[in-house]
Amino acid sequence: MDFEAFFEDRLANLKEEGNYRVFTDIERHKGSFPAATRHHDGDTHDVTVWCSNDYLGMGQHAVVLKAMHEALDRCGAGAGGTRNISGTNHYHVLLERELADLHDKESALLFTSGYVSNWAALSTLAAKIPGCIVLSDALNHASMIEGIRHSKAEKHIWAHNDPEDLDRRLSAMDPDRPKLIAFESVYSMDGDIAPIAEICDVADKHGAMTYLDEVHAVGLYGPRGGGIAERDGLMDRLTVIEGTLGKAYGVLGGYIAASTALCDFIRSFASGFIFTTALPPAVAAGACAAVKHLKSSELERSRQQRNVRVVRQRLADIGIPTLDNPSHIVPVMVGDPVKCKEISDWLMANHGIYVQPINYPTVPKGTERLRITPSPVHSDEDIERLIVALSDIWSQCALHRKYDVA
Ligand SMILES: *Cc1c(COP(=O)(O)O)cnc(C)c1O
């Protein structure tokens, strides 16, 4: 077989469909996010980032950077091993305590990313609990899907955010089989929020475990940043809460929070936890500082929510269609992969505005979009420049405008 020709052929297909991914090469500027420098064709340009998952700008926050500098100076660069073989640094232990407290659980367990935490925890639970059936929301993240698939457990997909469908499916199952319900709180591409209480009611009725991915909610919702489950007073109803340290907390890493026995079980049996080098101590220290800070500071959250409201309102004023949702994610719907990328390229070239096009397979074909994430570090001038630029391209491409008639 001509391997090279095979690779090139498949890539050519992607390009034809408009689904080939081009990475934007940027240097983020600490102290002036969302400003960054873009490297392109041997040149550099100033850009404003409008699509970051560093939702609160914690990646440049002084308390986070100070904690990272201190840990780097105390402990050096890497952890030096897996958690089991010399790699458990005191900063990991402190961070796990901080996370258990955040979610009011007995324990927490760190992973090298949110992806790995979902993959490892779900694959281990579903594979090791004898006869386990997994019930997975139709729009779950790839990391959950892959973990469930890897477990080889029986899997049923229930209609997105639909507790009645979940209940119907559970009612048809053998009541004696163990069951695990996996879902998210804030869905990252549509920004909609799961009816957690109703899903927990259904879980209780059928004696099922619940596993909630709060990756797009931790740090952002709840009085201490514990997520939607904290905001709604539901944390004790969830068996496992999973989160990331790489989005609102601005650093890197993932975790689960649950009972001591469950965390110890994953610690003891999950390959994706056991056989990999622990996070660098400075990373754990920075994440710990971010979690701690956002437990007591409302400033970042309230400023972010204010900017989300302003961006939504300004877009509505000029008739640019966004997907309505109750979260901090503002999807501007385009509905065509080629056009979506063209708009993104044009915003970058003409206005230095960076919004990555979101195409298949991240979202279904026909729902291609620009996913805008306003943060507390965007200024009112940044917002105005975004609005002017979008209005301009909407006119140039004669794209559909939609005005709410009062
Ligand atoms: C980003 C994401 C993850 C993975 O988290 P990382 O820390 O980036 O690996 C997990 N779940 C959802 C819903 C995500 O969007």
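The values are calculated or read from the model by the stated rules, or taken from the named source; none is laboratory data. Computed from a prediction, not measured in an experiment: that's the story for all the values here. Glycine also receives a Cβ, built like all others from the backbone with ideal geometry; neighbour counts cover every protein chain displayed. Protein only, heavy atoms only, side chains kept; ligands, DNA and RNA dropped before computing areas. Shrake-Rupley method; radii C 1.70, N 1.55, O 1.52, S 1.80 Å.
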Exercise. Round to the nearest 10 and give me the degree value, 0 to 90, for the angle of helix 3-17's Cα axis relative to the longest principal axis of the chain.
Key: 60
Practice problem: Return the distance in nm (one decimal) between the two label points of a simple spin-label model at Glu164 and Thr44, each offset 7 Å from Cα along Cα→Cβ. | Solution: 5.8
Practice problem: Using a 10 Å cut-off on Cβ atoms, rank the peptides 9-22, 348-361 from the highest mean neighbour count down. | Solution: 348-361, 9-22
Quiz item: Which is farthest toward the positive dipole end of segment 359-403 among Ile383, Gln396, Pro364, measuring Cα position about the Cα centre, with Cβ charges +1 (Lys, Arg) and -1 (Asp, Glu)?
Solution: Pro364
Quiz item: Average projected area of the Cα convex hull of the chain, in nm²?
Solution: 22.6
Practice problem: Only loop residues by DSSP count here, and only those with at most 15 other Cβ atoms within 10 Å; note down the GluC sites (Glu not before Pro) in segment 223-300 that meet that. | Solution: Glu298
Quiz item: Assuming R0 = 22 Å, what is the FRET efficiency of Ala349 and Ile318, from their Cβ-Cβ distance, to the nearest 0.05?
Solution: 0.55
Practice problem: Specify whether the C-alpha gyration tensor of segment 64-182 places it in the rounded, prolate or oblate class, a ≥ b ≥ c being the square roots of the eigenvalues: rounded for a/c under 1.5, otherwise prolate if a/b is larger than b/c and oblate if not. | Solution: prolate
Quiz item: Stretch Ser268-Glu298 to full length: gain in nm at 0.36 nm per residue minus the Cα-Cα span?
Solution: 7.1 nm
Self-check item: Förster radius 35 Å - calculated FRET efficiency between Tyr20 and Leu72, Cβ distance, rounded to 0.05
Solution: 0.40
Quiz item: Any idea what angle helix 90-102 forms with the longest principal axis of the chain, computed on alpha-carbon atoms, 0 to 90 degrees, nearest 10?
Solution: 90
Quiz item: What accessible area per residue comes out for the chain, rounded to a whole number of Å², with a 1.4 Å probe?
Solution: 45
Quiz item: Classify segment 127-179: rounded, prolate or oblate, from the alpha-carbon gyration tensor (a ≥ b ≥ c, eigenvalue square roots; a/c under 1.5 rounded; otherwise prolate if a/b is larger than b/c)?
Solution: oblate
Quiz item: Label points 7 Å out from Cα along the Cβ direction at Lys339 and His400: separation in nm?
Solution: 0.8
Quiz item: Got a number for carbon plus sulfur as a percent of the chain's accessible area, 1.4 Å probe?
Solution: 53
Quiz prompt | Cα gyration tensor category, rounded, prolate or oblate, for segment 277-339 with a/c compared to 1.5 | solution = oblate
Quiz item: Based on the Cα atoms of segment 1-142, what semi-axes does the equivalent ellipsoid have, where each is the square root of 5 times one gyration tensor eigenvalue, given in whole Å with the largest first?
Solution: 33, 29, 17
Quiz item: Ordered by packing density, taken as the mean number of other Cβ atoms within 10 Å over each peptide's residues, highest first, how do 182-192, 392-402, 310-320 rank?
Solution: 182-192, 310-320, 392-402
Quiz prompt | Listed peptides 246-258, 369-381 by packing density, highest first (mean Cβ within 10 Å) | solution = 246-258, 369-381
Quiz item: Regarding segment 1-66, what whole-number volume in Å³ per residue does the convex hull of its Cα atoms give?
Solution: 155
Quiz item: Per residue of the chain, what 222 nm ellipticity follows from adding -39500 (n - 2.57) for every DSSP H run with n ≥ 4, rounded to the nearest 500?
Solution: -13000 deg cm²/dmol
Practice problem: Please state the charge dipole magnitude for the chain, taken about the Cα centre, from unit charges on C-beta atoms (+1 on K and R, -1 on D and E), reported in debye and rounded to the nearest 20. | Solution: 640
Quiz item: If you line up the long axis of helix 380-396 against the longest principal axis of the chain, both from Cα atoms, how many degrees apart are they, to the nearest 10?
Solution: 70
Quiz prompt | Virtual spin-label span in nm between Thr276 and Asp204, 7 Å along Cα→Cβ | solution = 3.5
Exercise. Would you mind computing the Rg to Rh ratio of segment 241-362 from its alpha-carbon coordinates, Kirkwood style for Rh?
Key: 1.08
